[in-house]
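Below you'll find the structure, written out as structure tokens, and then a few comments.
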Amino acid sequence: MLQLQQLMHKTILAILGSAFLTLSSVTLADISMPDVAKPKGEKCVAPTDEMRASHFEKILHQRDKTMHQGIRTKPHSLKECINCHVPENTTVRFGDDKHFCSACHIQTAVNIDCFQCHADRPGNIPEIHKKAMAALETNLKAEDTATTGTEPSATGATQ
Amino acid sequence: MKEMTVNFSRRHFFEKSATAVAGLSIAPGVFLSQVAQAKPADQAVTIEKRWGMLIDAAKCATGCNDCVTACHEENGVTSHGRPETDAQWIRKVKLRDKATNHVISLPMMCQHCETAPCVYVCPTGASFKRADGIVLVDKHICIGCRYCMMACPYKARSFVHETVTDQVEYSPRGKGTVESCTLCVHRVDEGGTPACVEACNKAEHGAMIFGDLKDPNSAISIELEKHGGKQIRADLKLNTGVRYQGI
């Protein structure tokens, strides 16, 4: 019985060893990398290797901070990933192998559910929001000018 | 870097001239009170503020639906033509006094309670209250059990029954989760006012005031101190963030 077990162990080790040798001879050049659209920005928020290995941790961390604490910084926000990596006015949707997120997740057989709720492409902002934010920005600029006093403005003059 | 500088000078301004702002914020434009609410993007919300809303039912026009339309446009809440199951973040309610036939109309939405029943009953912690008093659903953790919908005395929450596509980029919505008024938290965090309040002002009804209940100099606090404001179902002692006048 003991001999049989030892024989089995040896066989398993031999199989694993040969499998390792086969795998180690595969280089990165042999793997076909998914074809994705060129990002808008020049540089990502972290080196490519780091992003490949841990982008989900960064997004998850930022997700909780945004949801619960209202911290809306850009570097690790899903919205900004999409803004940079998915072209505007694209017809490509999540699930197509041309979509930046889908491309790798299809290849690696990883199911994500971000886009059941989140927008999978940039630029879907209703007119009402665009107008409100533009007005807010104008107000803030006017305030800043009035505060610093560097440029006399209409707001500054009335004060 | 540029953003940082802008934020600094903005804060600097308010440190130096808080009194001036207080005086100006009650002037006709909501302009200055909006600026006072701006918070740097990297800072967490605190209990220093409590966002609230004051609605004057006497000014709210019967038949006007602008707040509802604006809210749903802003947040990408679309109808499937099935009113019974369509999501509804805000709705107009018409009340008629049987004795006098006097009719009043008011918008009803999440009341952003201090002791929110929806938060109390949530089994996963998805329904929560932010430090600044805004009650939200963390859809990442929501399992769609709908306890909160049962618990809410204001019928403020909706369940998303159908697959949602083409969401607005700052307002994620998806099938199988519960949702409600967020007090336009994405705007508030950037110093803006909720879409409903903006629409009401644009229609020149001015029935809704949004602001910080903890700031005695905010337009909402001044108005509340002067004329008071009622909570709907005050008997439940929920200390709602949304108050009403003329009811």
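Every number in this text was worked out from the coordinates using simple rules, so none of it is lab data. Keep in mind that what you see is a predicted model, and the values were worked out from it rather than measured. Here the Cβ is made from the backbone with ideal geometry for all residues, glycine too, and neighbour counts use every protein chain on show.
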**Q.** Within region B:51-245, percent of DSSP bridges classed antiparallel, to nearest 5
**A.** 80 percent
**Q.** Distance from region A:120-135 to region B:171-197 (C-alpha centre basis), Å
**A.** 13 Å
Q: At 0.36 nm per residue, minus the direct Cα-Cα distance, what do B:Arg146 and B:Arg233 gain on full extension? Give it in nm, one decimal, please.
A: 29.2 nm
Q: May I ask you to derive the relative contact order of region B:133-240, considering only C-alpha pairs under 8 Å and at least 6 residues apart, and to give it as an integer percent?
A: 17 percent
(Q) Please report the spacing between the Cα centers of region B:64-88 and region A:39-85 in Å, no decimals. (A) 31 Å
Q: Calculate the radius of gyration of the Cα atoms of region B:142-233 to one decimal place, then report Dmax, the largest Cα-Cα distance, as a whole number, both in Å.
A: 16.4, 47
Q | Mean projected area (nm²) of the alpha-carbon convex hull when region B:51-245 is viewed from all directions | A | 11.7 nm²
Q: Please give the average number of partner chain Cβ atoms lying within 10 Å of the Cβ of each residue in B:120-131, rounded to a whole number.
A: 1
**Q.** Percent RCO, i.e. relative contact order, over region B:51-245, from Cα pairs under 8 Å lying at least 6 residues apart
**A.** 30 percent
**Q.** When the convex hull of its Cα atoms is projected in every direction, mean area for region B:84-179 (nm²)
**A.** 7.8 nm²
